[in-house]
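The values are calculated or read from the model by the stated rules, or taken from the named source; none is laboratory data. Keep in mind it's a predicted model, so treat the numbers as computed, not measured. For neighbour counting, all protein chains shown are included, and Cβ atoms are generated from backbone atoms with ideal geometry for every residue, glycine included. The protein model used for the area step is the full one, side chains on, heavy atoms only, and it has no ligands, DNA or RNA in it. Shrake-Rupley method; radii C 1.70, N 1.55, O 1.52, S 1.80 Å.
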Protein chains: 2
Amino acid sequence: MAESGERVTVDFRTEPSRYKHWRLAFDGRVATLSMDVREDGGLAPGYELKLNSYDLGVDIELYDAIQRLRLEHPEVGAVILASAKERVFCAGANIRMLGRASHGFKVNFCKFTNETRNAMEEASAESGQSWVCMVNGPCAGGGYELALACRHIVMADDGNTSVALPEVPLLAVLPGTGGLTRLTDKRKVRRDRADYFCTLEEGVKGKRAVEWNLVDEVVPRTKLDETTKRRASELAAKTDRPAGARGVALTPLERRVEGDRIAYRWVTCAIDRGRGVAEITVAAPGAPPPADPAGVQAQGVAFWPLAVARELDDLILHLRVNEEAIGLWVLKTTGSADLVEAYDRLLEQHAGHWLVREIRLYLKRTLKRLDVTSRSLFALIEPGSCFAGTLLELALACDRSYMLDGTREGDDAPAATLRLTPMNFGAYPMPNGLSRLDSRFLAEPGRVDDLKGRLGQDLDAAAASEAGLVTFTPDDIDWDDEVRIAIEERAAFSPDALTGMEASLRFGGPETLETKIFARLSAWQNWIFQRPNAVGDKGALHVYGTGQRAEFDRRRV
Amino acid sequence: MAESGERVTVDFRTEPSRYKHWRLAFDGRVATLSMDVREDGGLAPGYELKLNSYDLGVDIELYDAIQRLRLEHPEVGAVILASAKERVFCAGANIRMLGRASHGFKVNFCKFTNETRNAMEEASAESGQSWVCMVNGPCAGGGYELALACRHIVMADDGNTSVALPEVPLLAVLPGTGGLTRLTDKRKVRRDRADYFCTLEEGVKGKRAVEWNLVDEVVPRTKLDETTKRRASELAAKTDRPAGARGVALTPLERRVEGDRIAYRWVTCAIDRGRGVAEITVAAPGAPPPADPAGVQAQGVAFWPLAVARELDDLILHLRVNEEAIGLWVLKTTGSADLVEAYDRLLEQHAGHWLVREIRLYLKRTLKRLDVTSRSLFALIEPGSCFAGTLLELALACDRSYMLDGTREGDDAPAATLRLTPMNFGAYPMPNGLSRLDSRFLAEPGRVDDLKGRLGQDLDAAAASEAGLVTFTPDDIDWDDEVRIAIEERAAFSPDALTGMEASLRFGGPETLETKIFARLSAWQNWIFQRPNAVGDKGALHVYGTGQRAEFDRRRV
């Protein structure tokens, strides 16, 4: 955790037996995930996680629980999100932790918590696993943002229980996990009511919370448990998830770290600290796919697409939080495009099977992490690579791509090619809701249709360039210089300017709740997170809890 | 100009005879606006406006020219934007000026330049006055953003001429006037090409600029003039603006400043520095409207809706730049709702008349300035007010509204009412493209249709509240306390947090080029504008032109 003066390397891998802060319980079609944050269980020393407030460690466990509910529990059609504390639901992100954290850590923390909330919404919308929130006490800031990510919110109607986004009045920052956008765009709260609500330290309770659509229903405390369970059962009854299937056990993910090299089974990463570059290589599968979903099930976490999703997911999170100074990620692939395509065929043919659907959605979420990662992304497409279908998405997610035209002198490997599969045409939408191909050809949507005529073909550099799929196609003579210069130049630019530029250029076209959160709300939050009014010596985030009053520069910017 | 250490009060009023930097010429249906920036003509001392670089003063003249082209020149169907310098089109915003400017000034400067570019696009799209850009030399940064705001860009095909957005590589900031968004969303440049383009100091010239859709055509230098004129004539031939009509002379706008009171003919503003509040009152017309457009024409700038647009426009710009510490604007109206409605009827009935259309569009632009103003906006709706139709938009633009329920003790004035006119249902779209009513009722669009059934009715506090048009309706007993407390509370919050909160809550629903620019790109720019990598002692903006190299903190945020 990149706090002032100290660094803790964050590991995103965990499992229920190691949870400090959450309890998972199962009752037929309905699971209950209870938040019970251990005050002394913070990721770093120096703060106490009181009142179910959370830090990144708490959210890592939440993310793990979401993944397991999806993949290990096909039978679960609804999840109740509850607090195990008697008198509080959740007080949001821990303020002392935020007050001590570096700017970069705060921003990264918010990005991860946002992705986790989005995964909850995706489960409700696309995975037949609906989240229901039971609010049994103050539900403030990030606590209410957790509730907002659920499909249905039931709140106790008592004097102690309210929902609130008190960040502006209490802390001089914005709610960091999509709260403002979910108010206006998900729950469509009237803008003047949202304005008032967001300035109320004490929040809103009871009937008014329903009238303003801040929650879905309020019930007497004595009926809270029963009502929430009924709602969850009703939603679970509508699921298309199979009651009798067996899930895939998410056994521990193996990762070897040797110096600046990180190696998983299929994904490897070599860090070059001098140049600030991480070279990430994804290997194609070594054997053909199983014949059917039963075979997928039998392979479990060893099934190549699932393994790649897990490995890339972990690597992206690791590099983001633990390797801030590595500003450019270079993406490569290696192996057989035929095998990649064969797996894609299986994923496409059995898209309706619950486990195949989960694996596709997991790949979608992982690729979306790339889209919102504040690092420059270059694809290098060379002889021996296999940018086909699902792996082609990696190149399409990049800010630019270089494809070697022809063969290398003294190298037997045939010239690099790209290959489109049906998975490139909608299986992995970006946060803006469009496929990467649709996003790429906003000016000429007809080109995407034309590309459907080239499914399965090997496109060499000339064809790929003509089709608009790659940026540059130097030949063997120019390759080394051109790529080296591009990498060196990128490293010489301001990291901040690149972050703003990439966030702007990656999302042309339509906007969604997600793009609004990642590219708009986050930008405002980033700005505010470094304003003296928030983080200066007399700033609100700094003096919170000290009894001192914040002092503000009154000038509006 | 709020530079470190010095303050110059900015006056946005000017006229062609006082222009230092632009020349206007007319040739039948086509006007030419030539940029010829005077190096020693900066708004503040300390920088030279070389290479047609600009500061706020240059842009104020541009804005004035746009207004006059629209209102004074009905005959003009196309405007050529050109440079009067031999070897340069425009080098963009002046870097030394930016390097010296305060954070708040930079942000305000970009907001105004963005609004001015949007006005050019609105002229092309809605006013029958198409802008054509003639690029005759380096066209960089804000220079290219000027070109991007035009409908058609013709560029000389020579070794000296290119378009560029070199902000990231040269200055470690983003293009500040919508450049990135116009690349992706207006010209729909492929994202990887946009990425490459935005990292090139030298920009792109010739055929590649056309192939990448950065410009519309390139022609030999010898044909530049002729081709541009032909394009302008072709576009002018399509205009619906009347060739033979007379325009309205925009005579100098009268404004009296007495201490903390600013008074125009219909708009007055009282500043309370202690509380940080500006109370803005708009008065209804004193007499019925003329019978027809000929009468409007005869009244000229005295025509009430045009006068109100000009006065509000000037006041908003003045308060934004010159009164940064006044964080809350309280909007009031006074006078006869019947007369306001009568003017609205005229504006609606003759919407197709060129001058009426211009006045409606001017009101639209002025109301949009409110939407993107980084100040809290409260409406106070009291006995004697006239929030009807066009003036009701003021209340609907506010973050919240207070309407006094009933009469005041000891006051003869009847209870306040609101009145809807057809002008509330689409004449004044917000930057998100929706009417303020549509934006308000995103959750229940049917309510907007229901409101059409109440056109022309006087809605008292109970009815207005029931209809969802106001936030709070205290009665005489509670009014003073409730309003006072709301104002005091607002003043106690962090100005930065309020800015981010308001920018997020005001724009629910769809996104447009404009909302992307104001609420997303601007937020990133604001963030970067205060990062040490840009503005620190060794930041790129600071050391530019000194021969020193910028030093960057390499950590990605």
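Annotations for the structure displayed:
- Test: residue in segment A:161-168 that is within 14 Å of another protein chain (Cβ to nearest Cβ) and surrounded by fewer than 24 Cβ atoms within 10 Å (Cβ to Cβ): yes
- Complete set of residues in segment B:326-343 that are out of contact with any Lys or Arg (no Cβ under 8 Å at 6 or more places or on another chain) and within 14 Å of chain A (Cβ to nearest Cβ): B:LEU331
- Identity of the residue in segment A:182-213, at the interface with chain B (Cβ under 10 Å from one of its Cβ atoms) and touching a residue at least 60 places away in the same chain (Cβ under 8 Å), that ends up most open to solvent (accessible area, probe 1.4 Å): A:LYS186
- Scanning segment A:485-503 for residues that are without any contact (Cβ under 8 Å) to a residue 60 or more places away in the chain, open to solvent by less than 10 Å² (accessible area, probe 1.4 Å), among the charged types (D, E, K, R) and within 23 Å of A:ARG320 (Cβ to Cβ) turns up at least one hit.
- B:LEU51 over 22 Å from B:SER127 (Cβ atoms) and surrounded by 19 or more Cβ atoms within 10 Å (Cβ to Cβ): yes
- Residues within segment B:266-306 that are under 19 Å from the mean Cα position of the chain (by Cα) and open to solvent by 10 Å² or more (accessible area, probe 1.4 Å), tallied: 0
- Boolean, A:GLY508 is part of a loop (DSSP other than H, G, I, E, B) and buried (at least 24 other Cβ atoms within 10 Å of the Cβ): yes
- Scanning segment B:316-371 for residues that are within 20 Å of B:ARG506 (Cα to Cα) and of a type in the set (Asp, Glu) yields one hit, B:ASP371.
- Any chance A:THR417 is among the polar types (S, T, N, Q) and either at positive phi or within 14 Å of chain B (Cβ to nearest Cβ) (or both): no
- Any chance A:GLY468 is more than 27 Å from B:GLU211 (Cα to Cα) and surrounded by fewer than 20 Cβ atoms within 10 Å (Cβ to Cβ): no
- Checking A:GLY42 against (1) within 21 Å of A:ILE517 (Cβ to Cβ); (2) in contact with a Gly (Cβ under 9 Å, 6 or more places away or on another chain), the condition it does not meet: (1)
- Evaluating A:SER83 against the criteria (1) in contact with a strand residue (DSSP E or B) (Cβ under 6 Å, 6 or more places away or on another chain); (2) not assigned by TED's automatic domain parsing to the domain that holds A:ALA149 leaves one unmet condition, (2).
- Positions within segment A:512-543 being within 7 Å of chain B (Cβ to nearest Cβ) and either over 20 Å from the mean Cα position of the chain (by Cα) or surrounded by fewer than 24 Cβ atoms within 10 Å (Cβ to Cβ) (or both), in sequence order: A:TRP527, A:ILE528, A:GLN530, A:ARG531, A:ASN533, A:ALA534, A:ALA540
- For segment A:64-107, the set of residues classified as in a helix (DSSP H, G or I) and within 29 Å of B:ARG554 (Cα to Cα) consists of A:ILE95, A:ARG96, A:MET97, A:LEU98, A:GLY99, A:ARG100, A:HIS103, A:GLY104, A:PHE105, A:LYS106, A:VAL107, listed by residue number.
- Scope segment A:358-386; condition within 14 Å of chain B (Cβ to nearest Cβ) and within 20 Å of A:ALA342 (Cβ to Cβ); matching residues: none
- Tally of residues being more than 21 Å from B:GLY159 (Cα to Cα) and hydrophobic (A, V, I, L, M, F, W, C) across segment B:181-234: 4
- Of all residues in segment B:391-404, those that are farther than 13 Å from B:LEU437 by Cα have Cβ atoms under 9 Å from Cβ atoms of residues that are surrounded by 24 or more Cβ atoms within 10 Å (Cβ to Cβ) and among the aromatic types (Phe, Trp, Tyr), 6 or more apart or on another chain, in B:ASP399/B:PHE378; B:ARG400/B:PHE378; B:SER401/B:PHE378; B:SER401/B:PHE387; B:TYR402/B:PHE378; B:MET403/B:PHE387.
- Segment B:19-42: number of residues that are touching a residue at least 12 places away in the same chain (Cβ under 8 Å) and not in a strand (DSSP E or B): 10
- Residue selection: B:LYS106 fails the criterion of being among the charged types (D, E, K, R) and open to solvent by 50 Å² or more (accessible area, probe 1.4 Å).
- Subset of segment A:339-356 [touching a residue at least 12 places away in the same chain (Cβ under 8 Å), open to solvent by 40 Å² or more (accessible area, probe 1.4 Å) and assigned to a helix (DSSP H, G or I)]: A:ARG345, A:GLU348
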